[in-house]
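J.: Below is one structure. I have some questions about it.
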Amino acid sequence: MTHDQAVLELAHRYLRGIYEGDTQALHEVFMPDARVEDLVTGSFRSRTAHQYIEAVGSRQSPRAAGESFNMSVLSIQVLGDMATVTAELRFLGNHFYNVLSLLRRDDQWRIAHKLFGPPV
């Protein structure tokens with residue numbers, strides 16, 4: 001499997017985890033010390049990946065709400081042991097863009113940072 005394929009596979013696991021509310025899958029794709037940051041509430045918010053995943057687990061998942069899967073990877077770029085993924089997510093009345101920064105350690109890709117917000 002190429003690095004591009006591995007990054008794309010991880011991105012799909014991430015999106016599926018959001019859609020299904022699968023906190024175990026989300027813990028597997030994020031680095032333990034990853035950060036998640038946004039401006040969704042109108043002010044800057046910075047959380048650990050664990051805090052973010054807990055929030056995902058505490059709400060009804062799009063799948064449980066009966067929504068169809070409406071999330072897609074827009075782009076990936078792999079630069080050595082670093083990669084970025086840009087994705088578009090529409091669920092539970094929201095529309096977000098996600099920019100994920102990934103690192104490859106011990107031959108495994110993981111999300112090191114997530115930045116997200118609504119389109120302008």
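J.: Once both labels are modelled 7 Å past Cα along the beta-carbon direction, what's the ASN70-ASP4 spacing in nm?
T.: Taking the two extended label points, one gets 3.0 nm.
J.: Summarise the long-distance tail of P(r) for the chain by giving the % of C-alpha pairs beyond 23 Å.
T.: Numbers: 1721 of 7140 pairs.
Result: 24 percent of Cα pairs exceed 23 Å.
J.: Please grab the % of Cα pairs in region 7-51 that end up more than 14 Å from each other.
T.: Details: 547 of 990 pairs.
That fraction is 55 percent.
J.: Tilt of helix 49-58 relative to the longest C-alpha principal axis of the chain, in degrees (0 to 90, nearest 10)?
T.: Result, in degrees: 40.
J.: Among DSSP beta bridges whose residues both lie in the chain, state the antiparallel percentage, nearest 5. Before the final figure, lay out each step's value.
T.: Details: 31 of 36 bridges.
Just about 85 percent of them are antiparallel.
J.: Mind telling me which of ALA34, ALA83, ALA64 comes out most flexible in a GNM of the chain, alpha-carbon contacts under 10 Å?
T.: ALA64
J.: Given springs between every Cα pair under 10 Å in a Gaussian network model of the chain, which of ASP22, ASP38, ASP106 has the largest fluctuation?
T.: ASP106
J.: Whole-Hz ³J(HN,Hα) for each residue in region 27-37, computed from phi via Karplus 6.51 cos²θ - 1.76 cosθ + 1.60 with θ = phi - 60°, x for glycine and proline: what do you get?
T.: Ordered by residue, 3J(HN,Hα) equals 4, 6, 8, 9, 5, x, 9, 5, 10, 10, 9 Hz.
J.: Please give the length that would be gained between LEU92 and ASP107 if that part of the chain were fully extended, namely 0.36 nm times their separation in residues minus their C-alpha to C-alpha distance (nm, one decimal).
T.: Length difference between fully extended and current span is 1.9 nm.
J.: Please give the charge dipole size of the chain, origin at the Cα centre, charges +1 on K and R Cβ atoms and -1 on D and E Cβ atoms. Round to the nearest 20 debye.
T.: 260
J.: Tilt of helix 3-20 relative to the longest C-alpha principal axis of the chain, in degrees (0 to 90, nearest 10)?
T.: 20
J.: Suppose a student asked you for the relative contact order of region 13-120, using Cα pairs under 8 Å spaced at least 6 residues apart; what percent would you report? Could the numbers behind the result be given before it?
T.: Details: 208 pairs, mean separation 27.8, N = 108.
Over region 13-120, the number comes to 26 percent.
J.: Here is a further query. At what distance in nm do the modelled label points of ARG47 and VAL120 sit from each other, each positioned 7 Å from its Cα along Cα→Cβ?
T.: The two pseudo-label positions are separated by 2.5 nm.
Here, each number is a calculation from the coordinates, and none is a lab measurement. Keep in mind that what you see is a predicted model, and the values were worked out from it rather than measured. Note that each Cβ is placed from the backbone with ideal geometry, even for glycine, and that neighbours are counted across all protein chains shown.
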